[in-house]
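For reference, the structure is listed below as structure tokens.
Since every read-out is calculated from the coordinates, none of them should be taken as a lab result. Just so it is clear, the structure is predicted and the values come from calculations on it, not from any experiment. Note that each Cβ is placed from the backbone with ideal geometry, even for glycine, and that neighbours are counted across all protein chains shown.
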Amino acid sequence: MKLTKTLGLALAATLLGGCSLQEEPYGFPSTTNFYKTEADANAALIYAYAILPEIEYYSRNFILVTELPTENITLKPDAGASNFEFDRLNVRADNPELTTAWRYAYIGINRANAVIANVPGIAAMSESARNQLVGEAYFLRALHYFNVVRLFGAAPMPIKPVTSLDQVSAPKATLPEMYALMEADLRQAIDLTDATRRDGRANKVAAWSLLAKVYLTEASGKATGSPGYDFVPDANTLYDQAKTYANYVLTQGAGYGLDPDLKAIYDVTKKNGPEHIFDVATDRSGLSEGNYSKLPLMFIPYIDGATFKLADSTKVISGYNHFVTEPALYNSFAATDKRKTDLIPNKAYIGRREVTLGITDYSRPFTRKYLDPGQIGQQTSANTPVLRYSDVLLTYAEACGPTAEGYTAVNRIRTRAGLPALTPGLSVTAFRDAVVQERAWELAFEGHRLFDLRRTHKMESVLGQQYGKTIQGDAYFFPLPTRETDLNPNL
């Protein structure tokens, strides 16, 4: 299905970003002649999904703003100053990558709002098809708001598409209001969608997964005293909710499970593997960046500008060496952990010459999670994982605590990694800390670590005390972008 000119006009307000305007628009279009057919509905939903693989969102910027503040990656010495603000946990309100993270989340919200507002009124399609599309839009809106609230905290919460100037200066919602909307949206997504897999699209299993993570964030935020989560009345109730929805995935998600081959999870030709609950995928044959991806090049080291091979003969073209693996992460893995030995190669081969990538060298061991052996020039078909089965399994383990079910869940992850079972008899706090650490190894480079440290109130103890990072400003929420506060008097 292709996007039509009519669609672009009908949803032109999405180009306004979150709530900001750089210049006064000439007018707002009418949707009178759109949203009439099933083809219109499908085109609108495609447009809502199309924001995700943009370079300013999951194909680069989202990974930059979530991974650089952690112990996972740092930067090459000549990287831009605005990137280093994230690495040094000293992000200014006028940081361009910060502004981009805000703007693209709100563009996504507005596109989802357009589907939610208009598609239910289309009579010329079956109820099941209409429900599926609207349910997916509810999922997308919840995902965008989950990103906003974990990055920025309290923020505007528009639930209708922007169609006039008086809508672009929305006031802040509260954290309780934002979490209540995400929960309601995901319950709607669960009710309206089915469990059928559709390439690149969300389904009931994805909605269960995301709702489990929303509840876990609230529960752990309350239990650990993380800033902003004092509104949660009872952590245990929400841990139970997280456990319930994660368990739906584990017991009713037919076709989903742990992939025994770690490398296969990130094989770009396997977009519907057992662990792929929701990925943002790109196609190297696309005409512009955002259709194809350059994200792998950000991680791949530069080795004499050459094409090199890994020990398993995977071909790799020298990259930008922009995102550089931190010794703090690399050295924290057990020597036999397959998530290190299989997924963070430290040898490269140029012809018959072996190049060792030292963890403190300029070109270091790097993640192969985003590799595309079929890369064409600088164009790749990189998949950015958003929800994986192992993420949900660890969500379930953390929610369960040190019960038989919790230990079984986390030990499934450890067994696959080639590690012994987790120490038995841990306290609730020690067990959940161990699961959060397991998440650090399992989900490294995928945009989860910052949020895990924030929701468990560990920014200072882990990044500051353990790894020696200096935290300046608010460790738990980035500042609202200057562009937004300048243009929106309600902020």
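Taking chymotrypsin sites (Phe, Trp or Tyr not before Pro) across the range 300-351, none is in a DSSP loop with at most 10 further Cβ atoms lying within 10 angstrom of its Cβ. Using a simple spin-label model with pseudo-atoms 7 Å out from Cα toward Cβ, Glu354 and Asp94 lie 5.2 nm apart.
A cut-off under 9 angstrom between Cβ atoms defines the neighbours of Arg368, and their net charge, with Lys, Arg +1 and Asp, Glu -1, is +1.
Taking 20 Å as the cut-off, the amide N atoms of the range 424-449 that come nearer than this to a point 7 Å along the Cα-to-beta-carbon line of Ala235 belong to 425-440, 449. Round to a whole angstrom and tell me the spacing of the C-alpha centers of the range 277-318 and the range 468-491. Cα centroid to Cα centroid, the span is 32 Å.
When all alpha carbon pairs of the chain are counted in 10 Å bins from zero, the resulting P(r) reads 4, 20, 31, 28, 14, 3, 0 %.
Across the range 283-381, the relative contact order, built from alpha-carbon pairs under 8 Å that are at least six residues apart, equals 34 percent. Against the chain, whose longest principal axis is taken from its Cα atoms, helix 235-252 shows a tilt of about 90°.
For the Cα atoms of the chain, what angle does the longest principal axis make with the long axis of helix 428-442, in degrees from 0 to 90, nearest 10? Its long axis makes an angle of about 90 degrees. Here the range 329-392 has an Rg and Dmax of 14.1, 42 Å, counting Cα atoms alone. Over the chain, Cα pairs under 8 Å with separation of 6+ residues give a relative contact order of 19 percent. Annotation for Ser169 and Tyr362: the two label points, set 7 Å from Cα along the Cα-Cβ direction, are 5.2 nm apart.
The angle separating the long axis of helix 404-416 from the principal Cα axis of greatest extent in the chain is about 70 degrees.
Start at zero, step by 10 Å, and the Cα-Cα distances of the range 89-213 spread as 13, 41, 33, 12, 2, 0 percent across the bins. Between Thr403 and Gln472, the simple spin-label model (points 7 angstrom out along Cα→Cβ) gives 4.6 nm. Over all pairs of different C-alpha atoms, the range 283-381 has a mean inverse distance whose reciprocal, the Kirkwood radius, equals 13.9 Å.
Relative to the Cα centre, the charge distribution of the chain, modelled as +1 at Lys and Arg Cβ and -1 at Asp and Glu Cβ, gives a dipole magnitude of about 980 debye. Going by Cα centres, the range 191-222 and the range 128-184 are how many Å apart? Distance between centres, Cα-based: 15 Å.
Reported to the nearest whole Å, the Cα centre-to-centre distance from the range 370-403 to the range 47-81 is 15.
Given the -39500 (n - 2.57) contribution per DSSP H run of 4+ residues, what per-residue ellipticity at 222 nm results for the chain, rounded to the nearest 500 deg cm²/dmol? Walk me through the numbers before you get to the answer.
Details: 18 runs with 208 residues, N = 491.
Helix contribution divided over all residues of the chain: -13000 deg cm²/dmol.
The magnitude of the dipole of the range 298-377, with charges of +1 and -1 set on the Cβ of Lys/Arg and Asp/Glu and taken from the Cα centre, is near 180 debye.
For Cα pairs less than 8 Å apart in space and 6+ apart in sequence, what is the mean separation divided by the residue count of the range 215-293, i.e. the relative contact order in percent? Walk me through the numbers before you get to the answer.
Values: 68 pairs, mean separation 13.3, N = 79.
Relative contact order for the range 215-293 comes out at 17 percent.
To the nearest 0.05, how large is the calculated FRET efficiency for Leu310 and Ala81 if R₀ is 35 Å and r is the Cβ-Cβ distance? Efficiency for this residue pair is about 0.60. As an exercise, use a Förster radius of 41 Å and the Cβ-Cβ distance of Glu460 and Ile159 to find the FRET efficiency, rounded to the nearest 0.05. It comes to 0.70. Each residue of the range 154-159 was assigned a 3J(HN,Hα) from its phi angle through the Karplus curve 6.51 cos²θ - 1.76 cosθ + 1.60 (θ = phi - 60°); the sequence is 4, 7, x, 9, x, 10 Hz, with glycine and proline shown as x.
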